[in-house]
Amino acid sequence: MSTEPTVDAPRGVEANGINVITEAERKGRPRDLFWPWCAANISVLGISYGAWILAFGVSATQAIIAGVVGAVVSFVLVGLVATSGTAASAPTMVVSRSAFGVRGNALPAVVSYLLLIGWETVLCALATLATATVFGRLGWGSGNTTKVLAFLVVAAIIVFAGVFGFDVIMKLQTFLTLALAVLTAGYIALTWSHISLDTVGAVPSGSTQAFIGALIFAMTGFGLGWVNSGGDYARYLPRTSSKAGVVGWTTIGASIAPVILVFYGVLLAASDAELSKGVS
C-alpha cells in the first residue's frame, strides 16, 4: 500500500501543491511535455530578442548563432532539471532542498518566487496591452476601459487554469501552442516584405567578446529563467518515463519557437535600423 499523502479537493480542482504526486495521479508520456513548454515560449516577444542580440554589435550570422545556441543549450539545462521532477514527483524548488538543505533552500526559493511572479506580472501586462492595442486598431474600442476589461479576462484565464490545475493547463497549453503558432505565422507573413537580405548580409561582424556577451544574453533570456521550475510539469509523469525523452521533449518544445523567432527577428532588425529600434 502506498504511504504517499493524498489530498482531497472538489472534483476537477487542483489539490496538489508542493506535495509528492501519488502513483495514482501520475500519467502521460514524455512527448506530452512538448505542448506546455512550447506554449510558454512561443511569443512575438521572441522576435525582439533578435534586435537585442544585434545590439551587442555582432553580425546577423553571429546573432543567429548566438540566439539559436543560447536558446537550445539553456533549454537542455531545463530538460535535465525536468528529470528530477519525474524521479521525485515534486516541484523543482522542493527537490532543490536535497542540494541546499531545508533552511539553505530558503534563499533560492525566495529568488525563484520573485522571478516567477515577476514574469507572471510582465506577461499579464503585455497580454493586456496587446489585447487593447489590437482592439484599438480594429476599431472595437480603446482607452482605459478596454485595458481594464482585457486585464480582467487575462487574469480570469490565469486564475482558472491555476485553480483547475494540471489537466486544464495541459489542454489550454495545447490550444495556445496551435493558436499562437498561427498568429505568429500571420505576423511573419505580414512583415516579410521588410526583409532585405542584402542589408542583412552587410552588417559587420563583431568581436569575440561581443559574441560571447550575446550568447550569454540569449541563454539568460530564454532557458535559464525556467530552470527553477524545470521539473514542475514532468513530476506528473510516471517514474519509469524515459529520461532521454523527458530531456528531449522539454528541450524541443521549449526551444523550437525561440529558434524560429530569433532567426526571423535578426533578419527583420538587421534589414532596417528604424525597424530594429521599433522592434526592440
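Values in this text are rule-based calculations from the coordinates and carry no lab data. What you see is a predicted model, and the numbers here were worked out from it, not measured in a lab. Here the Cβ positions follow ideal geometry from the backbone for every residue, glycine too, while neighbour counts run over all protein chains shown.
Annotations
- Among 192, 241, 113 the positive-end extreme of the charge dipole of the chain (Cβ point charges): 241
- Helix runs (DSSP H) in the chain reaching 18 Å along axis by Cα, Kyte-Doolittle at least 0.5: 60-88, 106-137, 144-191, 208-221, 243-271
- Burial order of peptide ranges 244-252, 174-182 (average beta-carbon count within 10 Å, highest first): 244-252, 174-182
- Prolate/oblate/rounded label for segment 88-169 (Cα gyration tensor, a/c 1.5): prolate
- Legend: Rg and Dmax of segment 211-280, from Cα coordinates, 16.3, 53 Å.
- Dipole magnitude (debye, nearest 20) for the chain, charges at Cβ of Lys, Arg, Asp, Glu: 300 debye
- Computed helical MRE - 222 nm, the chain, DSSP H runs ≥ 4 contributing -39500 (n - 2.57), nearest 500: -23000 deg cm²/dmol
- With the Kirkwood sum run over all distinct C-alpha pairs, the chain has a hydrodynamic radius of 20.4 Å.
- Subset of 171/243; 27/147; 243/277 violating a 31 Å alpha-carbon distance limit: 27/147; 243/277
- Ranking 122, 33, 268 by how far each Cα lies toward the positive end of the dipole of the chain (charges on Cβ) leaves 33 at the top.
- Scattering from segment 125-266 was approximated by placing one identical point on each alpha carbon and applying the Debye formula without solvent; log10 I(q)/I(0) at 0.09, 0.14, 0.20 1/Å stands at -0.45, -1.03, -1.38.
- Database remark: amide H of residue 203 closer than 5 angstrom to the amide H of 60 (H placed geometrically; neighbours at sequence offset of 5 or more, or on other chains; Pro and chain starts carry no H).
- The orientation-averaged shadow of the Cα convex hull for segment 1-151, equal to a quarter of the hull surface, comes to 14.4 nm².
- Scattering profile of segment 87-126 at q = 0.18, 0.24 Å⁻¹ [log10 I(q)/I(0), Debye over alpha-carbon scatterers]: -0.56, -0.76
- Distance between the 7 Å Cα→Cβ label points at residue 194 and residue 120: 3.3 nm.
- Three principal axis lengths of segment 171-210 [C-alpha, angstrom, descending]: 45, 29, 7
- Charge dipole (the chain, unit charges on Cβ, about Cα centre) - positive-most of 91, 163, 61: 91
- Modelled FRET efficiency - R0 51 Å, residue 152 with residue 23, Cβ distances, 0.05 increments: 0.85
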